[in-house]
Amino acid sequence: MKDNIVRKIYRYRRIKAVQDELDMLGDRAKMNAITFYNFRYLTTLIVFLLVLYNTKLGYVTAPMAMLIYYYLFYYVFITRPKKERIRTLDHDALYFFEILTLTLESGRNLENSLEITVMNVDSELSREFKKALVEVKFGKSLLEALEDMKKRIPSETVNNIILNITQTNVFGNSILETMYHQIDFLRDKQTLEIKGEINKIPNKISIISVIFVVPLILLMILGPFIIEFLQI
């Protein structure tokens, strides 16, 4: 019944888009699209009623609170976890693909190398490749499994690497050469990100200084004058 209500309110395309977003969260996804919408509606209605009956200008603040909560719900349950997962996958990528490259250097094909890599690397990215390999065992080709895996990966960096691997595998180019280029790219990207974080430190220190240090200095300077003023 609730499923039918949601499907009447939203088009199939919109429900599928939200489901695709939830699929990209991996283990962080705690619900499907229908449950997401049902819970969103129910809690938004509760917020509306609570604000309406517990504030003096409830008829004004309740609609505003309802709208804020409605959009904040999407951010909390989809946008923020998705950003966190992208950071995790990007962080896992360098180590995973380095191990994969070392395995390929021993002369194994791509599928065998992936099997060995996922057995020896425990990470979120490794678990996604493990799912793809399970799909291969159930009848999919490796190319199809990797293409489907891309739909579950929100990281453009990882998806670009998977795309390069599949294209190299299809056209028969040197996969090792491709992996060397991708690893160099990941290292450069990680270095730039670290430099970016370092460059942000002075700004963070300045903000902390303005908020905490400057008032203390002013208090030390003006303290005696304030005490004298209070004693008068």
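The values are calculated or read from the model by the stated rules, or taken from the named source; none is laboratory data. Not measured: the values here are computed from a predicted model. So basically every Cβ, Gly included, is an ideal-geometry build from the backbone, and we count neighbours across all protein chains shown. With ligands, DNA and RNA removed, areas are computed over all heavy atoms of the protein, side chains included. Shrake-Rupley method; radii C 1.70, N 1.55, O 1.52, S 1.80 Å.
Inspection of the range 137-146 identifies no residue that is open to solvent by less than 50 Å² (accessible area, probe 1.4 Å), over 20 Å from the mean Cα position of the chain (by Cα) and either acidic (D, E) or closer than 30 Å to I46 by Cβ (or both). Y53 meets the conditions (1) within 28 Å of V134 (Cα to Cα); (2) free of Cβ contacts under 8 Å to residues at least 12 places away in the same chain; (3) not basic (K, R) in every case but one. The failed one is (1). The single residue among T61, T79 that is open to solvent by less than 60 Å² (accessible area, probe 1.4 Å), in a helix (DSSP H, G or I), closer than 30 Å to I161 by Cβ and among the hydroxyl-bearing types (S, T, Y) turns out to be T79.
Tally time: how many residues in the range 157-177 are without any contact (Cβ under 8 Å) to a residue 60 or more places away in the chain and either touching a Gly at 6+ places or on another chain (Cβ under 9 Å) or open to solvent by 20 Å² or more (accessible area, probe 1.4 Å) (or both)?
Of all residues in the range 157-177, those without any contact (Cβ under 8 Å) to a residue 60 or more places away in the chain come to 159-160, 162-174, 177.
Imposing the further condition that a residue be either touching a Gly at 6+ places or on another chain (Cβ under 9 Å) or open to solvent by 20 Å² or more (accessible area, probe 1.4 Å) (or both) reduces the set to 159-160, 163-164, 167, 169-174, 177.
The number of residues fulfilling the criteria is 12.
Does S126 satisfy the condition of being surrounded by 17 or more Cβ atoms within 10 Å (Cβ to Cβ), more than 20 Å from the chain's Cα centre (by Cα) and part of a helix (DSSP H, G or I)? Against the criterion (surrounded by 17 or more Cβ atoms within 10 Å (Cβ to Cβ), more than 20 Å from the chain's Cα centre (by Cα) and part of a helix (DSSP H, G or I)), S126 does not qualify.
Per-residue answers, yes or no, for (1) among the acidic types (D, E); (2) in contact (Cβ under 8 Å) with a residue 40 or more places away in the chain:
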| position | (1), (2) |
| --- | --- |
| I78 | no, yes |
| L94 | no, yes |
| N112 | no, no |
| M119 | no, no |
| S123 | no, no |
| E128 | yes, yes |
| L146 | no, no |
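Residues in the range 40-58 that are assigned to a helix (DSSP H, G or I) and either open to solvent by 90 Å² or more (accessible area, probe 1.4 Å) or of a type in the set (S, T, Y) (or both): Y41, L42, T43, T44, L45, L50, Y53, N54.
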